[in-house]
Amino acid sequence: MFPEVTARLKSNSLTNFANVMEGEILPWLTNAGGFLDLIILVQARWQRVTSISLLDPLKVMRRLTTQSVSGIVAYSGTAPGRDPYL
């Protein structure tokens, strides 16, 4: 599985985004089960970031619930930026 999240960041908030990803999102993904790796692509000129999670589909299907997905979407709306989409 390769879930992707793309967001536009506010000006000069790339460092804050990196800190949130490293300090909060990555530990949450690691503890959620089925997480293999994370790829983050940055377009600095347009202040756009895309994160792609590499997940073990069998482990994720066993643990993934609608509640956890809506939690990710709700959290992405509070990330520094605007217009998150899955």
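Every number in this text was worked out from the coordinates using simple rules, so none of it is lab data. The structure presented is a predicted model; accordingly, all values stated were derived computationally and were not measured. In this analysis, Cβ positions are derived from the backbone assuming ideal geometry, glycine residues included, and neighbour counts consider all displayed protein chains.
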Scanning the range 15-41 residue by residue, the ones that are among the hydrophobic types (A, V, I, L, M, F, W, C) and touching a Pro at 6+ places or on another chain (Cβ under 9 Å) total 2
With the first residue restricted to the range 1-15 and required to be more than 23 Å from F35 (Cβ to Cβ), and the second required to be polar (S, T, N, Q) and not in a loop (DSSP other than H, G, I, E, B), Cβ contacts under 9 Å at 6 or more apart or on different chains are L9/N16; K10/N16
